[in-house]
1. Note down all Cβ pairs under 7 Å where the first residue falls in the range 259-288 and is modelled with pLDDT of 95 or more, the second is surrounded by 24 or more Cβ atoms within 10 Å (Cβ to Cβ) and in a loop (DSSP other than H, G, I, E, B), and they're at least six residues apart or on different chains.
2. Among (1) under 19 Å from Gly173 (Cβ atoms); (2) assigned to a helix (DSSP H, G or I); (3) not basic (Lys, Arg), there is one condition Asp277 misses while meeting the rest; what is its number?
3. Applying the selection to the range 200-223, what residues are touching a Phe, Trp or Tyr at 6+ places or on another chain (Cβ under 6 Å), without any contact (Cβ under 8 Å) to a residue 60 or more places away in the chain and assigned to a loop (DSSP other than H, G, I, E, B)?
4. For the range 70-115, enumerate the residues that are at positive phi and out of contact with any Asp or Glu (no Cβ under 6 Å at 6 or more places or on another chain).
5. Consider only pairs whose beta carbons are under 9 Å apart and that are at least six residues apart or on different chains; among these, list those whose first residue lies in the range 47-76 and is acidic (Asp, Glu) and whose second residue is at pLDDT 95 or above.
6. Applying the selection to the range 108-148, what residues are among the acidic types (Asp, Glu) and either within 30 Å of Glu43 (Cβ to Cβ) or in contact with a Leu (Cβ under 8 Å, 6 or more places away or on another chain) (or both)?
7. Gly89 - would you say it is crowded, with 23+ Cβ neighbours inside 10 Å and touching a residue at least 12 places away in the same chain (Cβ under 8 Å)?
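The values are calculated or read from the model by the stated rules, or taken from the named source; none is laboratory data. Remember, predicted model here, so these are calculated numbers, not experimental data. So basically every Cβ, Gly included, is an ideal-geometry build from the backbone, and we count neighbours across all protein chains shown.
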Amino acid sequence: MRLTLCRSLAVVPAAFALAVGAAVVPPASPTATAAVRAAVAYERGPAPTWAGIRTPLGPFSYSKVTVTNAEANGFGGGTIYYPNDTTQGTFGGVAISPGYTGPEGHVAWLGPRLASQGFIVFTIATNSVYDQPTERGQQLLAALDHLVGKSPAQVRQRLDAQRLGVMGHSMGGGGAMYAAWSRSSLKAAVPLAPYHTIKNWSAIYVPTLFFAGTEDTVTRPEDHAERFYSSMIYARDRAYAEIAGADHGTFVREHPLIGALSVAWLKRFIDADTRYDQFLCPPPTGPELTEYRDSCPHA
């Protein structure tokens, strides 16, 4: 295992914050409610702002450790990113899979982004780049099991094994859906431009945020993410975000809006942190979003 120390950007230049924060306008937070809100057990980090969750790096410095293929059991290895902080309690964990023929590097942008916001993140390589969605879902669960039981002590001492979630791109997004269906104890799922041959996911109850791109010709929204979202008729919490101008490759690199909404969703449901409701419900609007749907009972 190779250990690397990294630093996040606690302070972002004002010009950059304004630039990334101008495109989508989230609904205003009710200040009266915020003033009297009781503390949530898993609040981590400072009070969130829209500009703050759009930036590539949040308030936590982080480290990372490599898990080799030989050390992995049931998946192809990967990289664990974790906050250095030990003063605020434990952190939730997220495993993330790339898509068909994609390397771990396709989801690597999410490691620093999420770890610096207060999550333990495991970006994985799959056993084969040709693995199908269900196989990728099984590997995501194997990666979570590795986090809980076999990761280094400095990771396990920071991890809350009861607060876990999954993400994935393309077939990895289909894998995240399979993982959420297979393990209902998960707290959140975020499929990015997901693909799966199964179209009815009404048996998923895990809070799930689907992303799609208007220019995606690989996983067309009406055939995949939108359809999956609509099928989750029994889920209390679900959302669908369609990103204007996004194609299939948009989701394998840093994107302020995709990153911000992912952070907000994971914070709200893995951390049960209601401070992030303001970014999700009522639904955000703006030119970067062609459509956003949210069941909105979670506030």
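1. Here the result reads Val263/Gln117; Ala264/Leu280; Trp265/Leu280; Arg268/Leu280; Phe269/Pro207, each pair linking the range 259-288 to a residue that is surrounded by 24 or more Cβ atoms within 10 Å (Cβ to Cβ) and in a loop (DSSP other than H, G, I, E, B).
2. (1)
3. Pass one, the range 200-223, residues touching a Phe, Trp or Tyr at 6+ places or on another chain (Cβ under 6 Å): 201-204, 207, 209-210, 219.
In the following step, the residues that additionally are without any contact (Cβ under 8 Å) to a residue 60 or more places away in the chain were identified as 201-204, 209-210, 219.
The answer is Trp201, Ser202, Ala203, Ile204, Thr219.
4. Within the range 70-115, Gly74, Gly77, Gly89, Thr101 qualify.
5. If the second residue must be at pLDDT 95 or above, the pairs left are Glu71/Gly77; Glu71/His146; Glu71/Lys150.
6. Keep residues of the range 108-148 that are among the acidic types (Asp, Glu), which gives 131, 135, 145.
Asp145, the sole residue that qualifies.
7. Numbers: crowded, with 23+ Cβ neighbours inside 10 Å: no; touching a residue at least 12 places away in the same chain (Cβ under 8 Å): yes.
In short, no.
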